[in-house]
Amino acid sequence: MKRFAMARYVSLIILSALWFLAACASQAVPTVTVAPLPTATPTAEPTPVSRAANFDAARAFEHARKLAVDLGSRAAGTEGNASAANYIAREFEADGLQVTRQPFTFESWQDHGTTVRLLAPETKTLQAQALEYSPSGKVESALVLVPGIGSRDDFAKVNARGKIALVKRGTLPFAVKAANAAEVGAKALLIYNDQPQIFTGVLHERVEIPVIGLSGASGAELLQALSAGAVRVQLDSATAMERRTGYNIIGTLPGASAETIVLGGHYDSVSAGPGAGDNASGTATLLELARVMGARPKPQHTLVFIAFDAEELGLLGSRAYVENLSDAQLAATRAMLNFDMLGAGGGPLLLMGDGKVGLLARASAQQLGIDARNGSLPANASSDHESFARRGIDTVFFMRDYNLLHTPDDTIDQIRPEFLDEAGRVAQRVLERLDAAPRSDSSLRLSPSE
């Protein structure tokens with residue numbers, strides 16, 4: 001997820017309004033609560049097809065392994081990202097899809113080296129990573145702990161002028177904490193994680209001072225040192241903005257009509273880890289669905305499978321795609337199914353969407369005996385469906401609650417084939433039902449319980 005944001009932690013609200021802002025960074029991990037799902041009125045089963053043309057979780061898992069293990073980190077603009085794009089294009093072509101690469105340019109923030117060292121009362125290198133879009137800087141100063149969440153009121157309680165400020169991650173966006181720190185004259189801001197590991201994050205507003213993330217373990221060390229007396233810290237962060245080109249990989253399966261159903265998932269990852277859950281799992285699901293539909297007779301709708309690039313930088317690939325659609329193409333786009341961070345974590349399958357397609361997806365899950373829920377994301381978290389929803393296209397977002405995204409621990413051993421299976425089978429059923437009925441067909445009308 002994720003995403004103007006770098007963490008997409010889900011707060012589940014059954015049948016709540018689905019409101020997403022910019023892409024993938026939550027500041028804390030709330031407890032996920034699940035309410036019972038009402039009983040739905042059964043609907044007709046789609047026409048059976050051969051097992052060879054059904055979703056195969058083992059095939060999907062192999063795609064995820066290829067992306068997360070063989071290729072590893074796939075941050076936009078990197079060699080690993082380019083290799084992933086080539087792999088996806090080859091798979092689409094093998095499935096009989098018409099493949100195009102859609103280029104778009106973007107400013108890419110690069111970290112050429114960031115270190116944070118404790119100088120006193122002892123000397124030690126801390127686990128640190130610059131937040132994306134943090135400016136360069138070299139600072140040595142006393143450390144001051146800011147209480148609370150890093151609000152203006154919190155900074156007013158301490159003297160941070162000329163010092164390096166330390167604040168806990170959570171509640172407020174990173175950029176707001178940084179702006180509050182700069183406003184009182186702090187030279188830099190260290191944000192320590194609310195979990196033991198290191199984390200990555202994105203600053204979605206321009207900041208004036210270096211903003212560095214620390215692992216929860218390193219944060220605890222600094223808190224302990226501060227409790228005993230004065231602490232001095234040195235940070236050195238060399239970052240730069242560079243022009244890069246991203247590529248959406250588009251596989252088209254022409255149908256009998258111009259009406260289009262879009263299926264998408266981003267293939268880029270953050271640089272911190274191999275991105276198995278976020279989002280090799282979603283890309284793998286997309287690839288396996290392309291195989292399934294490519295093996296079937298010509299669909300009624302044109303099916304467009306898109307592996308989006310640069311989602312982690314702010315939904316850049318999906319935005320580029322939608323911005324290049326004509327009014328006629330937008331009007332012909334019936335639905336968008338987005339697959340992101342669905343193969344790891346826990347809890348039920350989340351099928352987020354308050355429109356007809358979201359209702360259809362949850363009803364389809366019930367028919368298949370799969371536990372699924374609607375839900376909502378924090379206001380500073382989203383994924384590629386948002387680019388389509390903003391233009392009035394009906395969307396459904398497939399995902400699961402997962403707290404290892406954007407960390408080195410987001411590895412292939414976190415992927416559960418049964419999760420891929422559930423998402424893939426529901427998506428296949430949704431496609432079958434959408435494709436079997438024209439936009440105006442009343443056969444997709446759902447009962448109130450769905």
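The values are calculated or read from the model by the stated rules, or taken from the named source; none is laboratory data. All values derive from a computational prediction rather than experimental measurement. Note that each Cβ is placed from the backbone with ideal geometry, even for glycine, and that neighbours are counted across all protein chains shown.
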In this structure, does ILE212 turn out to be surrounded by 23 or more Cβ atoms within 10 Å (Cβ to Cβ), touching a Phe, Trp or Tyr at 6+ places or on another chain (Cβ under 8 Å) and modelled with pLDDT of 95 or more?
no
Scanning the range 45-75 for residues that are modelled with pLDDT under 95 and either in a loop (DSSP other than H, G, I, E, B) or more than 21 Å from MET293 (Cβ to Cβ) (or both) gives GLU45, PRO46, THR47, PRO48, VAL49, SER50, ALA75
Just name the residue that is nearest to ILE261 (Cα to Cα) out of those in the range 359-379 that are among the polar types (S, T, N, Q), modelled with pLDDT of 95 or more and crowded, with 20+ Cβ neighbours inside 10 Å.
SER364
Pairs, please: C-beta under 7 Å, at least 6 apart or cross-chain, first residue under 10 Å from ASN180 (Cβ atoms) and in the range 138-158, second modelled with pLDDT of 95 or more and assigned to a strand (DSSP E or B)?
VAL146/ALA165; VAL146/LEU166; VAL146/VAL167; GLY150/VAL167
Among (1) in the same structural domain as GLY294 (by TED's automatic domain parsing); (2) assigned to a loop (DSSP other than H, G, I, E, B), ALA84 falls short only on (2)
Hey, among the residues in the range 222-252 that are surrounded by 18 or more Cβ atoms within 10 Å (Cβ to Cβ) and part of a helix (DSSP H, G or I), which one's nearest to the chain's Cα centre (by Cα)?
LEU222
Hand me the list of strands (runs of 3 or more DSSP E) wholly inside the range 103-184 holding 2 or more residues that are buried (at least 18 other Cβ atoms within 10 Å of the Cβ) and more than 32 Å from the chain's Cα centre (by Cα).
137-145
Single match in LEU289, LEU315, LEU263 (criterion: crowded, with 22+ Cβ neighbours inside 10 Å and farther than 29 Å from HIS204 by Cα)
LEU289
Just checking, does the range 404-424 include any residue being at positive phi, assigned by TED's automatic domain parsing to the domain that holds LYS298 and part of a loop (DSSP other than H, G, I, E, B)?
yes
Just checking, which of GLY255, GLY275 is at positive phi and either crowded, with 23+ Cβ neighbours inside 10 Å or not aromatic (Phe, Trp, Tyr) (or both)?
GLY275
Consider LYS66 against the criteria (1) of a type in the set (D, E, K, R); (2) under 30 Å from ALA175 (Cα atoms); (3) not assigned by TED's automatic domain parsing to the domain that holds ALA217: it satisfies all of them except one. Which criterion is unmet?
(2)
Of the residues in the range 253-281, how many are in contact with a strand residue (DSSP E or B) (Cβ under 7 Å, 6 or more places away or on another chain) and not in a loop (DSSP other than H, G, I, E, B)?
9
Counting just the residues of the range 346-358 that are surrounded by fewer than 24 Cβ atoms within 10 Å (Cβ to Cβ) and in a loop (DSSP other than H, G, I, E, B), which one comes out nearest to the chain's Cα centre (by Cα)?
ASP354
